[in-house]
Each structure stands twice: as C-alpha cells, then as structure tokens.
Amino acid sequence: IRALTALFTASLLALTLEWRRRQSGRLLATGGFAFGLAVGHHASLGFLAPILIAVLALADPTLLRRPSRWLAPLGALAASGLVLLYLPARSLMGAPFDPAPIRSVPAFLDHVLARGFGGDMLYFRSAPDLWARLGIWVEILGLQFGWAVLGAMVAAAAVLFLRRRKVALLLLGTVLINGLLAITYRAPQTVEYMMPTYVALAMVLGCGWGILLRGRPAAPLIIGATAALAVCTGWNGLAGYPSFRLLSNDDRTRASAEALLHQAPPDAIILANWHRATPLWYLQHVEGMRPDVDVQYVHPEGDLPNDQVWLRRIAEAITERPVLVTNRFHAFDHSSYRFVPLADAWLVREEPLTEPPEAIYTQETPFGNAITLLGYRIGSAEARPGDTIEVRVYWRIEAPLGRDYSAFAQLLGPTGVGK
C-alpha cells in the first residue's frame, strides 16, 4: 500500500512540475489518469487535488476559463476508474480474500469512498491533541531523515520559496495537507500515512539544493555542504541498518499465526484486525492449514467505536461456535465475557472461570482477604540480555475489591540475586 502511495505522489508532483514547463493537452490527460489511479489506490491522495489544481491554474490562468480543455483530463480520470470494476467482478467469483463482499452498488461505493473509515478522519482536532500530534509529526520526520538532513530540507525550502515560489507552493503545500491528514487521523500507522510528506520533502531537498549548485557550483562552501549532506544521509541509513537486518529475519508474524491456528478449538471463529487476519488467511488458503477455522476481518464501521464493533461481532458469533479475538479493548473489561489467553489472542467465554488452566506452576498464596495468587506460567526458563520473557499470572478474587491493585515480576539470577 505505502510504496505505491509514494509512487503515485511522486508521479503527480512530477507531472504538475512538468506542466509548468510545457502546457500540453496530452500531459494534462496523463495527469488526470494518474490522479484517478492514485485516488483509487488510496483515497487520502484525493486531498492533494486543491494544491495540484492551484499550481496548474497559476502556471496557466486560462485553464480554468476554458472548459473545453477539461474534457481530456476528466475523460482520462473517468477511464482510470474502470480499474475499480475488478473489485465487484472478483468478489462475484468468490474470492477468498473478500472480507466485505462487494456485490451491490452501495457496497461498491462504501469500499471505494472508504466510508467505514469516516469516523477516523479529523479525529484529533482539539488544541491539546493537535499540539501533541504535532510533536509526534516532528519526531517522525527526525526519525525518517535524521536531524541534519531535515535541517538541510528546511534550508532548501527557504531557497525554493525565494527562487521558485510556485514549486515551493506545490511541494510544501503537499507536506502541509498530508501532515494535517496524518496527525488528525485516528490510526496507529501515522508513520506510514506520512509517505507523501517524505516524497515531497525529498523533492524539496533536491530542487532547493539544485538551485544552490547551479548558482555557485564551484563555491567551496556549497561543495562542502553537499558532501556533508551526503555523509549525513549515508550515516542515517547505516544507523538503521541493524534494524533492517533484524526485521529481514523476523518470523514472529508467521510463528504467531501458526500458533493461533494450531491452538484454536475445532470450528472456531477468529475475529481479527487486518494485520492479523492476512497471515492467518495465507496459512489457510495457500498452505491448507486449519480449514475448519473461520477467520473474519473486523472492519471499521464509520463513527461506531471499534470496541463496540468488536463486542457486537462477538455477540453475533458466540452462540454458534467458539470465538477468539486478536484485539482486546478496555470496554471488554466491563462486558459479561471472560477472555482467556490463547496463543497471541484470547478465547471468549460466556461462563465464569472456576479452575486455573493446566500446565501452570501452582503456588497458591493469599494476598490479604481479597486476592489469592493461584500460580503462574513462564515462557522460557532461560534468558539472555535483550530477550523478552512472557509471564502469565493467575489470580482468584475472593471478595469485591475497593481499589485498584498492581503487580510486578522480578527476574532473579542463578544465585537468587534480583536483576
């Protein structure tokens, strides 16, 4: 999703910049087609339309006054939408990766217009939220580029604003529009939704630095600054290399999905978010693992809070088959259900638990008159520096609790000394 979003962003910006150099009808039609594909791929790119149109109109003020020149780009835009007809056609064929079937005009419009995500748009809009999210935005940019390169981008933006204001309007306008969408959107993938920002800032750096090099290519200061910029860019990449290498060998997603399918009860339903559903589907449809299990994607439903969507889906399924959930919300704690850990998910139960699970280390210890420790299960008996140890503790509540309690686990070395 994200790499193609970056490609479409770069294409739209490049086509718009080229339009400033030569206003050809074919170029405008190509831009319309590219914009249609971009919006069809990810609806958020549609919000770039105002800045793109503004730059086109500034480059050629007669464009808006001559509707006949709109026919070709609008026709190309409409033609690009034919790609979306693949969705209902494939859905009617019974595609396995079809969590929300698209077999009617309303379902088609819901999917194409991303109506299920409507409640996420402009979710963070209070002053304290915006201030906090702005800090996250700056921190992400520093993480992506490094502070030295980011400083060079700011300098390049200043040069671009002084020498090429229309180019600055296009690129910095893209940064502002996408930044506003990213920081106000209710989703944990802010770093991914900022992909158009990364593309625009890279172009800001290239254009601004290009102006400096063309102006005084032999100046020692410019040459030294360019060399320093190249070193900082390379250093930022090298700094991230250990993480890239670690991630390239990371099989935790597969291991988690396999464990969940192996341990799921017969004929169970697994309610999952998108990130957990897709590897489960892969193991089922490609490798034939646990075809009796029904993996269902719990998709957003507009303004309805996600926790309420999950509770409704649980209620719809639990009377017929065992239900597991991959996500847990605070609202679950106030429901009538019990959630028993199973692999990296939870088995939902309607009846209360009366016995601890098997294969735990039993150590029944009372804590006052209200809480009794029943035992625990430890993921690994050995640990090395940097390892993660999973500990599950089992309690029994003997009486109503008058306040909140917290607990901690301490790691002891072979000699019994705490770590």
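The values are calculated or read from the model by the stated rules, or taken from the named source; none is laboratory data. It should be emphasised that the depicted structure is a prediction, and the values quoted were computed from it without experimental measurement. Using ideal geometry, Cβ is built from the backbone for each residue, glycine included, and neighbour counts are taken over all protein chains shown. Ligands, DNA and RNA are excluded from the accessible area calculation, which covers all protein heavy atoms including side chains. Shrake-Rupley method; radii C 1.70, N 1.55, O 1.52, S 1.80 Å.
When the residues of the stretch 88-104 are filtered to those that are among the small types (Gly, Ala, Ser) and assigned to a helix (DSSP H, G or I), the one that is least open to solvent (accessible area, probe 1.4 Å) is SER91. Can we say LEU171 is within 28 Å of the chain's Cα centre (by Cα), open to solvent by 10 Å² or more (accessible area, probe 1.4 Å), farther than 24 Å from PHE117 by Cβ and in contact (Cβ under 8 Å) with a residue 24 or more places away in the chain? Considered against the rule, which asks whether it is within 28 Å of the chain's Cα centre (by Cα), open to solvent by 10 Å² or more (accessible area, probe 1.4 Å), farther than 24 Å from PHE117 by Cβ and in contact (Cβ under 8 Å) with a residue 24 or more places away in the chain, LEU171 comes out as no. Return yes or no: is VAL191 under 30 Å from HIS275 (Cα atoms) and surrounded by 15 or more Cβ atoms within 10 Å (Cβ to Cβ)? Answer is yes for this residue. Number of residues in the stretch 230-257 that are open to solvent by less than 50 Å² (accessible area, probe 1.4 Å) and in contact with a Pro (Cβ under 9 Å, 6 or more places away or on another chain): the value is 2. Looking at the stretch 347-357, can you tell me whether even one residue there is buried (at least 18 other Cβ atoms within 10 Å of the Cβ), touching a residue at least 40 places away in the same chain (Cβ under 8 Å), in contact with a helix residue (DSSP H, G or I) (Cβ under 7 Å, 6 or more places away or on another chain) and part of a strand (DSSP E or B)? Taking every residue of the stretch 347-357 in turn, none turns out to be buried (at least 18 other Cβ atoms within 10 Å of the Cβ), touching a residue at least 40 places away in the same chain (Cβ under 8 Å), in contact with a helix residue (DSSP H, G or I) (Cβ under 7 Å, 6 or more places away or on another chain) and part of a strand (DSSP E or B). Selection over the stretch 324-346 of residues that are among the aromatic types (Phe, Trp, Tyr), assigned to a strand (DSSP E or B) and in contact with a helix residue (DSSP H, G or I) (Cβ under 7 Å, 6 or more places away or on another chain) gives a count of 1.
All of (1) basic (Lys, Arg); (2) open to solvent by less than 40 Å² (accessible area, probe 1.4 Å); (3) farther than 26 Å from ALA95 by Cβ hold for ARG328 with one exception: (2).
GLY116: at pLDDT 90 or above and either in contact with a Gly (Cβ under 8 Å, 6 or more places away or on another chain) or aromatic (Phe, Trp, Tyr) (or both), yes or no? So GLY116 fails the test.
Can you find a residue in the stretch 268-290 that is open to solvent by 50 Å² or more (accessible area, probe 1.4 Å), part of a strand (DSSP E or B), within 25 Å of ALA187 (Cβ to Cβ) and at pLDDT below 95? No, the stretch 268-290 contains no residue that is open to solvent by 50 Å² or more (accessible area, probe 1.4 Å), part of a strand (DSSP E or B), within 25 Å of ALA187 (Cβ to Cβ) and at pLDDT below 95. Residues being in a helix (DSSP H, G or I), within 27 Å of the chain's Cα centre (by Cα) and either loosely packed, with under 15 Cβ neighbours inside 10 Å or not hydroxyl-bearing (Ser, Thr, Tyr) (or both): count how many of those fall in the stretch 1-30. Summing the residues that are in a helix (DSSP H, G or I), within 27 Å of the chain's Cα centre (by Cα) and either loosely packed, with under 15 Cβ neighbours inside 10 Å or not hydroxyl-bearing (Ser, Thr, Tyr) (or both) in the stretch 1-30 gives 10. May I ask you to list the residues in the stretch 125-135 that are of a type outside the set (Asp, Glu) and part of a helix (DSSP H, G or I)? Residues satisfying the conditions are ALA127, PRO128, LEU130, TRP131, ALA132, ARG133, LEU134, GLY135. Within the stretch 337-368, the set of residues being under 23 Å from TYR297 (Cα atoms) and among the hydroxyl-bearing types (Ser, Thr, Tyr) comprises TYR337 only. In this structure, does THR354 turn out to be touching a strand residue (DSSP E or B) at 6+ places or on another chain (Cβ under 7 Å), more than 23 Å from HIS275 (Cα to Cα) and hydroxyl-bearing (Ser, Thr, Tyr)? Judged against the criteria, THR354 is not a match. For the stretch 32-49, the set of residues classified as open to solvent by 20 Å² or more (accessible area, probe 1.4 Å) and closer than 18 Å to VAL199 by Cβ consists of PHE35, LEU37, VAL39, HIS41, HIS42, ALA43, SER44, GLY46, PHE47, ALA49, listed by residue number. Note on the stretch 366-398: among residues that are on the phi > 0 side of the Ramachandran plot and part of a loop (DSSP other than H, G, I, E, B), the one that is least open to solvent (accessible area, probe 1.4 Å) is GLY368. Within the bounds of the stretch 399-415, is there any residue that is modelled with pLDDT under 80 and assigned to a strand (DSSP E or B)? Taking every residue of the stretch 399-415 in turn, at least one turns out to be modelled with pLDDT under 80 and assigned to a strand (DSSP E or B).
When we screen LEU143, LEU122, LEU85 for residues that are assigned to a helix (DSSP H, G or I), under 26 Å from the mean Cα position of the chain (by Cα), loosely packed, with under 14 Cβ neighbours inside 10 Å and at pLDDT below 90, the only hit is LEU143. Only one entry in GLU301, GLU320, GLU364, GLU316 is at pLDDT below 90 and within 30 Å of TYR123 (Cβ to Cβ), namely GLU301. Scanning the stretch 105-119 for residues that are open to solvent by 60 Å² or more (accessible area, probe 1.4 Å) and not hydrophobic (A, V, I, L, M, F, W, C) yields a count of 4.
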